[in-house]
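Asks: Before anything else, here's the structure in question.
The values are calculated or read from the model by the stated rules, or taken from the named source; none is laboratory data. Remember, it's a predicted structure, so these values are computed and weren't measured experimentally. Backbone-built Cβ (ideal geometry, glycine too); neighbour counts: all protein chains shown. The accessibility values were calculated without ligands, DNA or RNA, using every heavy atom of the protein model including side chains. Shrake-Rupley method; radii C 1.70, N 1.55, O 1.52, S 1.80 Å.
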Amino acid sequence: EAGRFDNEGPQREVAIDRFAAGKFEVTFGEYRACLSDGACTYDPAADLRKDALWSLDDRPVMNVNVTDAEAYIAWLNTKVDGTPYRLLSEAEWEYAARAGTTTPFSTRDGISSTQANYNGQRTYDRKPAGGPYLRMPTAVGSYDANPFGLHDVHGNIAEWTADCFRNSYAGLPKTGAALPGSEGCSRPVRGGDYSKVPSYVRSAMRGAEPASRRDERIGF
């Protein structure tokens, strides 16, 4: 696959149990409800150093670390019945993002920035440039969903997952469960973001960041 990194392999077969996932990235509006209840204590908009458009209620919450994300999820679970919400494992995230495809993107072999929010001034695999480069996140759901009904799996904001990052899939569990490790381990971030070139928003692309990192390109 064009743009592939060594840490995207080796390929392995994983059996994943049935699960549900949010169709949108968590928004500033949703996160503010947790702040208002006092269950979330860090306000990501206060340190964003961007204009107010970046933190509108319909924009994906960003500048949150794993602790912030888990505080929100714990609060959300006090509001709902049934199976508790949690961060997806890395294998679950990729399964959901691919939505039955085996191609670089859920949009098949190519992608356009009319289909996702990334740096459309750059091309993938020498294909024509795909459109605009907005240089900022858009409202969740601004682009068509993938075949599983999930939005923004490519670009917009990268998303924290539950695993501790390993630089290879060799020897990892085949259950799709999150890989355990120390509380402060680096976590995989998936999906790429509004600033990335198209090869960095592929379904298989893996990044890793310290769990404590707050970044204007990462949400959940």
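Asks: Run the 1.4 Å probe and let me know the accessible area of D17, rounded to the nearest 10 Å².
Replies: So the heavy atoms of D17 present about 130 Å² to solvent.
Asks: Given axes a ≥ b ≥ c from the Cα gyration tensor, I'd like to know whether the stretch 163-215 is rounded (a/c under 1.5), prolate (a/b larger than b/c) or oblate.
Replies: It is oblate, given that a/c is not under 1.5 and a/b is not larger than b/c.
Asks: Which of the GluC sites (Glu not before Pro) found in the stretch 15-78 are in a DSSP loop and have at most 10 neighbouring Cβ atoms, other than their own, within 10 Å?
Replies: Within the stretch 15-78, no GluC sites (Glu not before Pro) qualify (loop, at most 10 other Cβ atoms within 10 Å).
Asks: Farthest toward the dipole's positive end in the stretch 112-160, which of G141, A116, W160, given Cβ charges of +1 (Lys, Arg) and -1 (Asp, Glu) about the Cα centre?
Replies: Of the candidates, A116 comes out farthest on the positive side.
Asks: Mind checking which of G184, G155, G110 has the largest fluctuation in a GNM of the chain, springs on alpha carbons under 10 Å?
Replies: For the chain, modelled as a Gaussian network with Cα springs under 10 Å, the answer is G184.
Asks: Here's another thing I want to ask about it. Where does the charge balance sit around Y194 when Lys and Arg score +1, Asp and Glu -1, over other residues with C-beta under 14 Å from its C-beta? Mind showing how you got there, number by number?
Replies: On the way: positive: K50, R59, R122, R135, K196, R217; negative: E25, D152, E159, D193, D215, E216.
Within the 14 Å Cβ shell, the charges total 0.
Asks: How compact is the chain by the rule of thumb for globular proteins, expressed as Cα Rg over 2.2 N^0.38 Å?
Replies: Against the empirical 2.2 N^0.38 Å value, I get 0.97 for the chain.
Asks: Follow-up. Report the relative contact order of the chain, percent, no decimals, based on alpha-carbon pairs under 8 angstrom and at least 6 residues apart.
Replies: 29 percent
Asks: Here's another thing I want to ask about it. Determine, for each peptide in 71-82, 158-169, 31-42, 93-104, the mean count of other beta carbons within 10 angstrom over its residues, then list the peptides with the highest first.
Replies: 158-169, 93-104, 31-42, 71-82
Asks: Report the extension gain between R12 and Y42 in nm, rounded to one decimal, defined as 0.36 nm multiplied by the number of residues separating them, less their alpha carbon distance.
Replies: Additional length available on full extension: 7.0 nm.
Asks: Now a separate question. Any idea what the relative contact order of the stretch 104-152 is, in percent, if you count C-alpha pairs under 8 Å spaced at least 6 apart?
Replies: It comes to 32 percent, rounded to a whole number.
Asks: Can you count the Lys pairs in the chain with C-alpha separation below 27 Å, eight or more apart or on different chains?
Replies: Eligible lysine pairs with Cα atoms under 27 Å apart amount to 6.
Asks: Same structure again: At 20 °C and 1.002 mPa s, what whole-number value in µm²/s does Stokes-Einstein give for the translational diffusion of the stretch 58-139, with Rh from the Kirkwood sum over Cα pairs?
Replies: Once the numbers are plugged in, D ends up at 137 µm²/s.
Asks: Counting DSSP beta bridges with both partners in the stretch 75-220, what percentage is antiparallel, nearest 5?
Replies: Working: 8 of 11 bridges.
Taking every DSSP beta bridge within the stretch 75-220, about 75 percent pair in antiparallel fashion.
Asks: Can I ask one more? Taking the full set of protein chains and a 1.4 angstrom probe, give the accessible area of K174 in square angstrom, rounded to the nearest 10.
Replies: 130 Å²
Asks: Heavy atoms only, 1.4 Å probe, whole protein assembly: order M62, M205, M136 by accessible area, highest first.
Replies: Values: M62 0, M205 20, M136 40 Å².
These residues rank, largest area first, as M136, M205, M62.
Asks: Taking the stretch 132-220 as the region of interest, what is the percent of Cα-Cα pairs per 5 angstrom bin, listed from the shortest bin to the one with the maximum distance?
Replies: Per 5 Å bin, starting at zero, the Cα-Cα P(r) for the stretch 132-220 comes out as 3, 13, 22, 23, 18, 12, 6, 2, 0 percent.
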